[in-house]
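Working notes, beginning with the structure itself.
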Amino acid sequence: ASVATTNFVKHTIKFTNEDESIEFYNYSTLVAKGNGTTVYDAATVQNVIAGYQLADIRLHTANATDVTNATSVNAPNSEDALIVYRFSEVTAQIVIKQMAGSTEIGTKTLTGYRAGLKNVVVTAPFVDGYALSDITKLTQTISELRNGDNEVTFEYVAEGDVSFRLKERNPDTGKVETIAVVNGATNTTYDPNATGNALNLSDSGYTFDHT
């Protein structure tokens, strides 16, 4: 037998999702063979996978029933062992508050996000009868989504006598939909291709097509 087989045992550590159907990564370590144990605990792996939190730890050996614990397991140094850190997905949602002054005119909740996502761009929803108070704030960026609710507020004013409806074709439905309403004024030039113009949405990722 080799020196490694005689004097050491192998502990294999895996990081998976909660039902172990997805393996994120794994590694193995040689442990001096003996009668003691090696502790594998939760404290060292709490933030190793963005968007996931530790659910529990499973210990498997050939000569004993599997042990599962939320905080730690003691792997025997007398035999090979498999330690599986199992993670559950941490979900996040975006709550969009639509305000006209001090009056809330609507709330929209976007779900299906994973906590830890960075630089998430949120677009102000269209509200019939209202225009954005500042079209340059058509979008807002959340630097990092946290677990639970992530609130974003957009400010609106009543749609005026002169207004523009900015539209795009939805790539999923093929329908032309209103992005936003911009209030205007008479005797004013509006050019969606001009830098700094109220109808220029290039900073929000939109390019003018036609009227």
inquiry  = Please give the charge dipole size of segment 114-211, origin at the Cα centre, charges +1 on K and R Cβ atoms and -1 on D and E Cβ atoms. Round to the nearest 20 debye.
reply    = 280
Options Thr107, Asn69, Thr29, ranked by Cα towards positive dipole end of the chain, top entry (Cβ charges) = Thr29
ask   = Using a 1.4 angstrom probe and counting only protein chains, how large is the accessible area of Val73 in Å², to 10?
value = 0
inquiry  = Probe radius 1.4 Å, ligands and nucleic acids ignored: give me the carbon and sulfur share of the accessible area of the chain as a rounded percent.
reply    = 45
query = So what is the calculated 222 nm ellipticity per residue for the chain, using -39500 (n - 2.57) for each DSSP H run with n of 4 or more, over all residues, to the nearest 500 deg cm²/dmol?
reply = -500 deg cm²/dmol
request  = Please report the base-10 log of the normalised intensity I(q)/I(0) for segment 8-47, using a Debye sum with one equal scatterer per alpha carbon and no solvent, at each q in 0.26 (1/Å).
outcome  = -1.01
ask   = Considering only protein heavy atoms, what per residue accessible area in square angstrom results for the chain with a 1.4 angstrom probe?
value = 60
request  = Quick one: dipole size for segment 1-140, taken about the Cα centre, charges +1 on Lys/Arg Cβ and -1 on Asp/Glu Cβ, in debye to the nearest 20.
outcome  = 320
message = Taking the full set of protein chains and a 1.4 angstrom probe, give the accessible area of Asp134 in square angstrom, rounded to the nearest 10.
response = 60
ask   = When the scattering of segment 73-197 is computed by the Debye formula from its Cα atoms alone, each counted once and equally, what is log10 I(q)/I(0) at q = 0.10, 0.22 Å⁻¹?
value = -0.47, -1.30
request  = Taking every pair of alpha-carbon atoms in the chain, give the share separated by more than 25 Å as a whole percent.
outcome  = 58
key: Coarse-grained scattering of segment 100-160 at q = 0.23, 0.27, 0.28, 0.30 Å⁻¹, given as base-10 log I(q)/I(0) from a Debye sum over alpha-carbon atoms   = -0.99, -1.20, -1.25, -1.36
task = Restricting things to alpha carbons, find the Rg to Rh ratio for segment 162-211 using the Kirkwood radius for Rh.
result = 0.99
ask   = Hey, if you put +1 on the Cβ of every Lys and Arg and -1 on every Asp and Glu Cβ in the chain, which of Phe208, Ile49, Tyr130 ends up farthest toward the positive end of that dipole?
value = Ile49
Cut-off under 5 Å, modelled amide H: who pairs with Ser133 long-range = Glu155, Tyr156, Val157
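The values are calculated or read from the model by the stated rules, or taken from the named source; none is laboratory data. In this text the structure is predicted, and so the values were computed from the model without any measurement. Note that each Cβ is placed from the backbone with ideal geometry, even for glycine, and that neighbours are counted across all protein chains shown. Ligands, DNA and RNA are excluded from the accessible area calculation, which covers all protein heavy atoms including side chains. Shrake-Rupley method; radii C 1.70, N 1.55, O 1.52, S 1.80 Å.
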